[in-house]
Amino acid sequence: MKQTQWWKKAVVYQIYPRSFCDSNGDGIGDIPGITSKLDYLKTLGIDVIWLSPVYASPGDDNGYDISDYRAINPEFGTMADFDEMLAQAHKRGIRIIMDLVVNHSSDEHEWFIQSRKDKTNPYRDYYYWRDGKDGAPPNNWGSVFSGPAWDCDENSGQYYLHLFSKKQPDLNWENPIVREEIYDMMRWWLDKGVDGFRMDVISFISKVQGLPDGPVSEGMLYGDFGPYSVNGPRVHEFLREMNCEVLSKYDVMTVGETAGVTIEEAKKYAAADLRELSMVFQFEHSCLVVKDGTKWSDKKIDLRELKQVMAKWQTGLEGKAWNSLYWENHDQPRSISRYGDDGEYWEKSAKTLAVCLHMMQGTPYIYQGQEIGMTNTVFNSPDDFRDIEAINAYHEFTQEKGIPEDVMMRRIAKEGRDNARTPMQWDDSHSAGFTSGEPWIQANPNYKEINAQKQVGDTKSIFATYQAMIRLRKEFDVVTNGKFILLDPDGDKHFSYIRETGNEKLLIACNFTREEIQVEVPEDMQGSEVLYCNYETNPSGKMPALRPWESIVLYKLKK
Ligand code: NOJ
C-alpha cells in the first residue's frame with residue numbers, strides 16, 4: 001500500500017470552473033483561467049485543488065452529467081490546457097484532485113446511447129432498466145431534482161432509473177463490467193498525474209436489489225429512495241474493490257461525498273486502515289436547515305445544534321477515521337449568510353467562521369470566494385436562476401404544493417445553490433473581473449466592495465485570516481492531532497473548544513453574536529499566548545469578554 005497521509009496536513013481549495021475565471025470572454029470560466037490564478041492560490045497557501053467536473057458534458061447539471069469521462073468540455077478548453085494546468089500546479093507544489101461522478105453518467109454518454117437502443121444491447125445492463133407497473137414507474141422513488149426518479153423510454157416501453165435529473169441515468173454497479181470500466185478510467189487519470197478524487201454521491205452507488213417502494217413523508221409527492229440506495233448493501237464492498245484495484249497503487253487522497261452518512265458508516269468509508277477512502281463529507285450540519293423533509297424552508301440554524309453536530313463528528317471519528325471540514329461548496333449557500341452575519345459584522349463573522357472551522361481536526365476545504373467573504377446573492381425573479389434544482393423546485397412548490405411565489409423566491413434566495421455559483425469576485429471591474437464578456441450567471445452586485453484585489457496583501461483582510469489559519473495548521477501539530485473538547489455545549493452565544501495533545505493545548509473561542517459576551521476560560525489557559533484574534537488587540541489574552549463576533553486562538557506549551 002503506497003498511500004501516505006500527507007492530506008491530513010493539507011488544505012483543499014474547491015474550484016467550480018464555470019464560475020472561477022474566464023480567459024476567453026465567452027462568459028464561462030475555463031481551464032486557462034484557472035492556470036492564470038495559480039499564483040493567487042499559492043499566495044493563499046492551499047495545498048490541493050478539488051476541481052469540479054471539467055469533462056465533456058451537455059451541462060444539464062453543470063458538468064455533473066458526463067458524456068465522456070476522458071475528454072474535456074470544449075467550453076473549458078482542451079486536454080492540452082488541462083495538462084498545462086496540472087503541470088503548472090505541480091510546479092507550485094499544488095496537487096489537483098478530480099471530481100469523479102460515477103453514480104450516474106449523462107444520457108448522452110455512449111454507454112447510455114447504446115443501452116437505450118434495445119433490450120438486448122450489450123450495454124443495457126450498464127443502467128437500471130425496469131418494466132413499469134400498470135402504466136406507472138417501477139417504484140415510487142422521487143428524484144433529488146423533483147419529479148419521479150424514473151423516465152419511460154418510448155423505444156422499449158421500459159423505464160430507467162435516475163436519482164438526479166432524467167439526463168443523469170444511474171449506472172448499475174452490480175454489473176462487474178461497469179465497475180471495471182470505471183476503474184480503468186480512474187487509472188487513466190491517475191497515470192496522467194492527478195492526485196486523487198472527490199467522489200460524487202458515492203454513498204448512492206449500491207441499491208437494494210428489487211428496488212422496493214420508499215416511505216412517503218407527509219406533504220411529499222414521492223417515496224424516499226434513501227433506505228434502499230443510501231449506504232446500500234454493497235457500497236463498502238465496491239469501494240474496497242476500487243481501493244484494491246486502483247487507489248492503493250497510487251499516492252492519492254480521496255474524499256467521498258457521502259450524503260446520508262452516519263458516524264458508524266463513516267468509520268467504514270474513511271477508516272484509519274485506508275481500505276476505502278481517505279475521508280468523507282458528512283452533511284448533518286448542512287442539513288440543519290431541513291424542515292418537513294426539505295431544505296426549501298425558512299428554518300434558521302440554531303448554534304446549539306450546530307455545535308453539537310460538529311462536536312459529534314469531531315469526537316466520533318477521533319482515532320478511527322478522518323473528518324473533512326467545510327462550511328461551503330458549490331451546493332451550499334454562502335457560509336456568512338447562513339451561519340454568520342452578512343450585514344454589519346460581515347468581516348468579523350467571516351473571520352470567525354474561518355477560525356472556528358480551521359482549528360478543528362480534519363482536512364479543511366475552502367470554496368472559491370469564501371476566502372474573501374463572498375455572500376449570498378440577490379435574485380430578482382425566477383429568470384435569474386440557473387440551477388436545475390432551483391428551477392424544478394420553484395415549479396414544483398409553487399404549482400403543485402401551493403407555496404406562494406414570494407415565499408419560494410425567499411427560500412431559494414436563502415438555500416439555492418446558485419448563491420455559490422456567481423462569478424468569483426476578482427476586482428471591481430466589469431462582472432467582478434471574472435469575464436470580459438457576458439457572464440453565464442450574473443455577478444453578485446456587491447463585487448465592488450467584496451473582491452480579491454482589495455484584500456490580497458492587506459494584513460487585516462479576510463483573505464489574511466485564511467492565510468493565517470493555513471499557517472497555524474502547518475506550524476502546530478495540535479491542530480492536526482489534538483483531541484477536541486467542546487465547551488459550553490448548551491450555550492447559544494459562542495462556539496468554543498479545546499484542542500489538546502500530550503504537550504500542547506489550544507483554546508478556540510468564537511462569539512457568534514452581535515453582543516459582548518463572557519466566556520469561561522479554563523484556569524490553565526489564562527494568560528497564554530494569543531496565536532490569532534480577529535480584533536486588532538486583545539488586551540491580555542485573559543479574555544474578560546468577547547466582543548461582537550470576536551474569535552481568538554490561545555496556545556499553551558504544556559511541557
Ligand atoms: C452532488 C453534486 O455535488 C451536485 O452538484 C450534483 O448536482 C449531484 N451530486 C449530482 O451529480
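What to note about this one:
- Stokes-Einstein D (µm²/s) once Rh is taken as the Kirkwood radius of segment 155-267 over alpha-carbon pairs, at 4 °C in 1.567 mPa s: 82
- Considering only alpha-carbon pairs that sit under 8 angstrom and 6 or more positions apart, the relative contact order computed for segment 382-461 is 23 percent.
- With R₀ set to 45 Å, the beta-carbon distance separating Asp213 from Ser248 gives a calculated FRET efficiency near 0.70.
- Surface accessible to a 1.4 Å probe, per residue, for the residues of segment 1-131, Å²: 35
- Based on the reciprocal of the average 1/r between different C-alpha atoms, the Kirkwood radius for segment 294-376 equals 13.7 Å.
- Helices in the chain, meaning DSSP H runs of at least 4 residues, each add -39500 (n - 2.57). Divided by all residues, the mean residue ellipticity at 222 nm is -7500 deg cm²/dmol.
- Shape annotation for segment 200-239: C-alpha extents along the principal axes are 35, 23, 9 Å, from largest to smallest.
- For the chain, excluding the exposed loop sites themselves (GluC sites (Glu not before Pro), DSSP loop, at most 10 other Cβ atoms within 10 Å), the longest remaining stretch covers 219-535.
- Segment 1-102: antiparallel DSSP beta bridges as a percent of all, rounded to 5: 20
- Checking the cross-link pairs Lys454/Lys474; Lys37/Lys166; Lys192/Lys348; Lys493/Lys556 against a 32 Å limit on the alpha carbon distance flags Lys37/Lys166; Lys192/Lys348 as lying beyond it.
- For Arg70 and Ile113, the FRET efficiency from 1/(1 + (r/R0)^6), where r spans their Cβ atoms and R0 equals 22 Å, is about 0.85.
- Short-range pairs are left out: with C-alpha atoms under 8 Å and at least six residues apart, the relative contact order of the chain is 13 percent.
- Point-to-point label distance, Asp427-Arg410, nm (Cα→Cβ direction, 7 Å offset): 4.0
- Once you reduce segment 407-446 and segment 66-93 to the center of their Cα atoms, the two points are 25 Å from each other.
- Listed peptides 89-95, 423-429 appear in the order 423-429, 89-95 once ranked by packing, highest mean of other Cβ atoms within 10 Å at the front.
- Other residues whose C-beta falls under 12 angstrom from the C-beta of Glu180 contribute a net charge of -2, scoring Lys and Arg +1 and Asp and Glu -1.
- Expressed as a whole percent, the accessible surface of the chain that belongs to carbon and sulfur atoms is 49, based on a 1.4 Å probe.
- Residues in segment 377-527 average 44 Å² of solvent-accessible surface per residue, probe 1.4 Å, ligands and nucleic acids excluded.
- Rg ratio (alpha-carbon, reference 2.2 N^0.38 Å) - segment 64-147: 1.55
- Computed over every Cα-Cα pair of the chain and binned at 10 Å starting from 0, the pair-distance distribution P(r) comes out as 3, 17, 28, 28, 17, 5, 1, 0 percent.
- Sequence ranges 55-61, 182-188, 359-365, ranked by mean other-Cβ count within 10 angstrom, highest first: 359-365, 55-61, 182-188
- In nm, spacing of pseudo-spin labels at Asn503 and Gln526 (7 Å Cα→C-beta vector): 2.7
- Model label points for Glu344 and Ser381, set 7 angstrom from Cα along the Cα-to-Cβ axis, are 3.6 nm apart.
- Charge sum, other residues only, whose C-beta stays under 14 Å from Asn419's C-beta, Lys/Arg counted +1 and Asp/Glu -1: +1
- A quarter of the convex hull surface defined by the alpha-carbon atoms of segment 1-141 gives 12.4 nm² as the mean projection.
- Here the Kirkwood formula, the inverse mean of 1/r across different C-alpha pairs, assigns segment 409-519 a hydrodynamic radius of 17.6 Å.
- Segment 340-457: Rg to Rh, with Rh as the Kirkwood radius over Cα pairs: 1.02
The values are calculated or read from the model by the stated rules, or taken from the named source; none is laboratory data. Just so it is clear, the model here is predicted, and its values are computed rather than measured. A quick note on method: Cβ atoms are made from the backbone with ideal geometry, for glycine too, and the neighbour counts reach across all protein chains shown. Keep in mind that these areas ignore ligands, DNA and RNA; they rest on the heavy atoms of the full protein, side chains included. Shrake-Rupley method; radii C 1.70, N 1.55, O 1.52, S 1.80 Å.
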